[in-house]
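Read the structure below first, then the notes.
The values are calculated or read from the model by the stated rules, or taken from the named source; none is laboratory data. Nothing here was measured: the structure is a model prediction, and the numbers come from that model. In this analysis, Cβ positions are derived from the backbone assuming ideal geometry, glycine residues included, and neighbour counts consider all displayed protein chains. The accessibility values were calculated without ligands, DNA or RNA, using every heavy atom of the protein model including side chains. Shrake-Rupley method; radii C 1.70, N 1.55, O 1.52, S 1.80 Å.
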Amino acid sequence: MKVTLRIKRFNPEKDSQPWWGEYLLEAEPTDRLLDALNHVKWYLDGTLTYRRSCAHGICGSDAMLINGANALACKVLLKNLGSTITVEPMRGFKVIKDLLVDMEAFFEKYRKVKPYFITQTPEPEKERLQSIKDRERFEDTTKCILCGACTTSCPSFWANEDYIGPAAIVNAHRFIFDSRDEGREERLNILGAADGVWRCRTIFNCVEACPRGINVTRAIGEVKKALLFRRF
Amino acid sequence: MNGAGRARPESGLELYAWLFMRISGVVLLFMALGHLAIMHLLNNIEVINYNFVAQRYATPFWRTYDLVMLWLALLHGLNGARTLVEDYVSAQGWRAFSLASLYVLGFFFLALGSLVILTFQPVTAP
């Protein structure tokens, strides 16, 4: 099949405005968008810039805006995208070049929720045991690969870059509801602040955007409930 | 870029605002539908006149109903508008101006409405 890629190009060292690069190429319907991007970079225009690492939907490097919706370029097939495909960088982050965005602020918010095991109780002799039921409590939010698709699809984040964002909340949720963890209060204090979970307007864009199928809005709702029942 | 932003203390205001929106939303769903049914389905503008209002306001029940609906609806709307301003008006000056106007107008109408509901003296026609 013949496909046309319309890619939003921008090189801050040369361009004053972003522009649309159009690339016509021959591809298999079962090729992934990442294969098409690679084809452009390797055979048509070597200056095209984007992130990709594992190319198998688990490293979270190649999230981008594909036909207006956030997705991983390595996880969508060309046959599902039509003959003209628009590709843009994720919204709300500073563009470094073409599809490559600066995710430092994103990871700073991630670090802010203390995404690591916190405990004061002394280490047991063997492992810290957990029942299957307790493990299931946060199963969904362990799946996050920090690609940024949810946060950059969130209108609350577009409107306010201080909003901690769905990805950081998901990763806080993973520890808040872990029966072995003891940092619950610290994390709830961070998420209960004005720029925490209350900026979520339950728009559900994050749920549609998540390439891992995490029910992000539900996780945020559970954190809101935890904050509420901590007080009452 | 502000990045992770300033650490603002957790005051609980946003939590209470969030809770209020949910509770008032559910209560208003029934109250406003009841109001709609009484004023526009069971009665119509031909029947609703001074006398109709005077008769209703002779009992404390309808005064309380209207007062509760006024407070819930106005504060629910006011908080919604506050949320919009906080989300989308980022210029400091404009934000302060918008919020101040919102609060002044909102509380003016709240006071005016409450005054009418509480002090209205019905003179029922013979």
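A compact table of results
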quantity: Residues that are open to solvent by less than 20 Å² (accessible area, probe 1.4 Å) and within 15 Å of the chain's Cα centre (by Cα), drawn from region A:72-81; calculated: A:72, A:73, A:74
quantity: Test set (1) in a loop (DSSP other than H, G, I, E, B); (2) open to solvent by 70 Å² or more (accessible area, probe 1.4 Å) - residue A:24 fails condition number; calculated: (1)
quantity: Residue in region B:58-107 that is nearest to the chain's Cα centre (by Cα), counting only those that are among the aromatic types (Phe, Trp, Tyr) and either surrounded by 12 or more Cβ atoms within 10 Å (Cβ to Cβ) or under 30 Å from residue B:123 (Cβ atoms) (or both); calculated: B:71
quantity: Qualifying position, being in contact (Cβ under 8 Å) with a residue 60 or more places away in the chain, in a loop (DSSP other than H, G, I, E, B) and outside the structural domain of residue A:160 (by TED's automatic domain parsing), among A:16, A:61; calculated: A:61
quantity: Complete set of residues in region A:82-117 that are assigned by TED's automatic domain parsing to the domain that holds residue A:53, open to solvent by 60 Å² or more (accessible area, probe 1.4 Å), assigned to a loop (DSSP other than H, G, I, E, B) and not charged (D, E, K, R); calculated: A:83
quantity: Set B:44, B:51: member being more than 14 Å from chain A (Cβ to nearest Cβ), over 16 Å from residue B:70 (Cα atoms) and touching a residue at least 12 places away in the same chain (Cβ under 8 Å); calculated: B:51
quantity: Test: residue A:217 is within 14 Å of chain B (Cβ to nearest Cβ), at pLDDT 95 or above and under 15 Å from the mean Cα position of the chain (by Cα); calculated: no
quantity: Within region B:17-30, considering residues that are in contact with a Leu (Cβ under 7 Å, 6 or more places away or on another chain) and open to solvent by less than 50 Å² (accessible area, probe 1.4 Å), the one farthest from the other protein chains (Cβ to nearest Cβ); calculated: B:28
quantity: Test: residue in region A:119-126 that is open to solvent by 50 Å² or more (accessible area, probe 1.4 Å), among the hydroxyl-bearing types (Ser, Thr, Tyr), at pLDDT 95 or above and in the same structural domain as residue A:201 (by TED's automatic domain parsing); calculated: no
quantity: Pairs, first more than 9 Å from chain B (Cβ to nearest Cβ) in region A:101-118, second outside any helix (DSSP H, G or I) and exposed (fewer than 15 other Cβ atoms within 10 Å of the Cβ), C-beta under 8 Å, six or more apart; calculated: A:101/A:94; A:118/A:182
